[in-house]
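Each value in this text was obtained by applying a stated rule to the coordinates, not by laboratory testing. These numbers were taken from a predicted model, which means no experiment stands behind them. Positions of Cβ are backbone-derived with ideal geometry, glycine not excepted, and every protein chain shown enters the neighbour counts.
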Amino acid sequence: MLKFLPAFLCEPLKKSENLQKIFTNTGWLVFEHAFNMGVGLLVSILVARYLGPEKYGILRYAVSVIAFMSIFIYLGLSGLVVRGIVRKPEDKDNILGTTFSLKLAGAFFSFLVVLGVALYVYDYSESEFWVLLIISLSLFASPFETIDYWFQSQVQSKYTVYAKSSAFIVGAALKVLFVFIGASVVAIAAANTLQVVVASMLLVLMYRYKGFSIFQWKVRISKAKELLSESWILILSGFLAMINLKVDQIMLRWMVDATEVGLYSVAVNFSEVWYFIPTAITMSVYPRLIELKKTQPSVYNKRLQQVFDVLFAMSFLVAVAMTFVAGHLIPSLYGEAYTKSSSILVIHVWAGIFMFMRAMFSKWVFIEDALFFSLISQGGGALVNVLINLVLIPRLGGQGAAVATLFSYAASSYFFLFFYPKTRPLAVQMSKSFLLPLRLIMYRNKVWEQ
């Protein structure tokens, strides 16, 4: 891969084994998500056109509800587990086994809550009931994401890519098949769930391929207490973060209708499809930043600024591109029924700049032991989101929800950082990234003067 890069990028990579690992790992993650993005976009277009805004809204609403409840499976353990394995690799089986058990308990709790809500709100004869119930079954496959944490800690995400991409192909093929045979929205929901189940099974096989077994994992009460003593903040923070991410679609469903959810979801698909980029980058640099923080603090701060610069540049380019093409892109792909989605996308896509920054901030709080501020910032952002939604959704529908998302992401991922002394330097680094074009011009002029 290095031979295809410019010399100024190639030389540092050749000299540093750590940079090579990070670059390769990021490459695999980008490949996975880029592949999924391309195929997934085509499948989503096919499904959305086939179902129409109302039924597509029912499907996306169910996915949002399950994503909302999955916080009780996630439990804020991702960063803690990766950090724990990096620091104490000999404790791997205890960490992974205990994490899996906690997640499995969270899956049962989440499923029971969703089942209770479905029974209370819907009738058995309604498709919304069955779509919600079938997609909720995917909750039981989510604990196997624990294996992915181990691959992250080893900077070997290509094995996760193998598993998830293969499962994605299975799910995409089923959805296409169901569309062509004229299946119901319930059948398409079943394809969603099967995709998650297949991914979990393949993760187990990949872990086995590396010479390990999930049957070697051990459950330790003391380890569970240790993890939960740190993660309770992250559970609340994740719950509030999920409000930021998914409450707009849930509120649109109850304050307007399923059709508005369908229109909004199409815009969100194009806006959020790029969020794999910051995830891939930060997952890859995270283990290295943990080491640099302890051994080379000055290099650590330099690398942190570089990551923010890269994230801003990518998010800004995406936002500008989507703003210019949205008006023609969505109607031509999804049909005239989704024309309103274009104006929603033009607003929502700019929230991505702050979401890109948040990806690095979310890792930084683990490194700097600033977990409590993550809770505060997410809580503030969630409050901003809900309040603006309450005001704007009745007046503007999906466009109002997009405005709420933009302001809430900006508040939680940037502006609130100025109010806490420990995060203020990070806010300054983000501000420098926002000035990246000006910094590059100044740097170019300085070079020319020399």
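Considering only C-alpha atoms, what is the centroid distance from the range 260-289 to the range 165-206, in Å?
Result: 21 Å between the Cα centres.
Apply the membrane-span-like helix rule to the chain: whole DSSP H runs, Cα extent along the own long axis of at least 24 Å, mean Kyte-Doolittle hydropathy at least -0.5. List the helices found. Present the calculation step by step, with values, prior to reporting the outcome.
Numbers: long enough: 17-69 (51 Å, 0.68); 92-121 (43 Å, 1.35); 158-180 (33 Å, 1.20); 185-209 (36 Å, 1.68); 221-255 (45 Å, 0.75); 276-295 (29 Å, 0.43); 297-334 (50 Å, 0.95); 351-367 (25 Å, 1.36); 371-396 (37 Å, 1.57).
Answer set is 17-69, 92-121, 158-180, 185-209, 221-255, 276-295, 297-334, 351-367, 371-396.
Going by average Cβ density within 10 Å per residue, which order do the peptides 131-142, 390-401, 286-297 take, highest to lowest?
In decreasing order of mean packing, 131-142, 390-401, 286-297 become 131-142, 390-401, 286-297.
When ranked by the protection proxy of mean other Cβ atoms within 10 Å per residue, highest first, what sequence do the peptides 113-123, 319-329 form? Before the final figure, lay out each step's value.
Values: 113-123: 13.5, 319-329: 15.4.
The most tightly packed comes first, giving 319-329, 113-123.
Tally Lys and Arg at +1 and Asp and Glu at -1 over the other residues with C-beta under 13 Å from the C-beta of L41: what net charge comes out?
On the way: positive: R49, K175; negative: E272.
It works out to a net charge of +1.
Starting from the coordinates of the alpha-carbon atoms of the range 250-337, obtain the Kirkwood hydrodynamic radius over all distinct pairs and give the value in Å to one decimal.
Values: mean 1/r = 0.0626 Å⁻¹.
The Cα-based Kirkwood calculation yields 16.0 Å.
How much of the pair distance distribution for the range 341-450 lies past 18 Å, counting alpha-carbon pairs only, in percent? Display every interim value, and only then the final one.
Values: 3407 of 5995 pairs.
Cα-Cα pairs in the range 341-450 separated by more than 18 Å: 57 percent.
So, with +1 on the Cβ of K and R and -1 on the Cβ of D and E, and no other charges, what is the size of the charge dipole of the chain about its Cα centre, to the nearest 20 debye?
On the way: 38 positive and 24 negative charges, 299 e Å.
For the chain, the charge dipole is close to 1440 debye.
Suppose every K and R has +1 on its Cβ and every D and E has -1 on its Cβ; what is the size of the dipole of the range 119-244 about the Cα centre, in Debye to the nearest 20? Before the final figure, lay out the partial values.
Working: 9 positive and 7 negative charges, 142 e Å.
I would put it at about 680 debye.
List the GluC sites (Glu not before Pro) in the range 34-134 that DSSP assigns to loop (not H, G, I, E or B) and whose Cβ has at most 15 other Cβ atoms within 10 Å. Which are they? Can you show the working numbers first?
Details: sites: E54, E90, E126, E128; in loops: E126.
Here the GluC sites (Glu not before Pro) that fit, given the DSSP loop and packing criteria, are E126.
When the helix-only estimate is applied to the chain (DSSP H runs of n ≥ 4, each -39,500 (n - 2.57), divided by the residue count), what is the mean residue ellipticity at 222 nm, nearest 500 deg cm²/dmol?
Details: 19 runs with 373 residues, N = 450.
Value at 222 nm, helices only: -28500 deg cm²/dmol.
Would you be so kind as to identify which of V307, L177, S142 lies farthest towards the positive end of the dipole of the chain, taking Lys and Arg as +1 and Asp and Glu as -1 on Cβ and the Cα centre as origin?
Going by the Cα projections, it comes out as V307.
Let's test this: bin the Cα-Cα distances of the range 337-388 at 5 Å from zero up to the farthest pair and state each bin's percent.
Taking every Cα pair in the range 337-388, the percentages come to 4, 15, 17, 22, 16, 11, 7, 4, 2, 0.
Please report the net charge: other residues with Cβ closer than 15 Å to the Cβ of F372, K and R +1, D and E -1.
Details: positive: K422; negative: E230, E368, D369.
Computed value for this residue: -2.
Would you mind checking the pairs K218/K363; K103/K223; K164/K432 and listing those with alpha carbons more than 24 angstrom apart?
Working: K218/K363 27 Å; K103/K223 14 Å; K164/K432 36 Å.
Listed pairs above 24 Å: K218/K363; K164/K432.
When ranked by the protection proxy of mean other Cβ atoms within 10 Å per residue, highest first, what sequence do the peptides 344-352, 66-74 form? Don't skip to the end; give the middle numbers.
Working: 344-352: 24.9, 66-74: 21.1.
Packing order, densest peptide first, comes out as 344-352, 66-74.
Taking the Cβ of L417 as the centre, find all other residues whose Cβ is under 14 Å away and add up their charges (Lys, Arg: +1; Asp, Glu: -1).
Working: positive: R358, K422, R424, K432; negative: E368.
Net charge around L417: +3.
Kirkwood hydrodynamic radius (Cα pairs, Å) of the chain?
22.9
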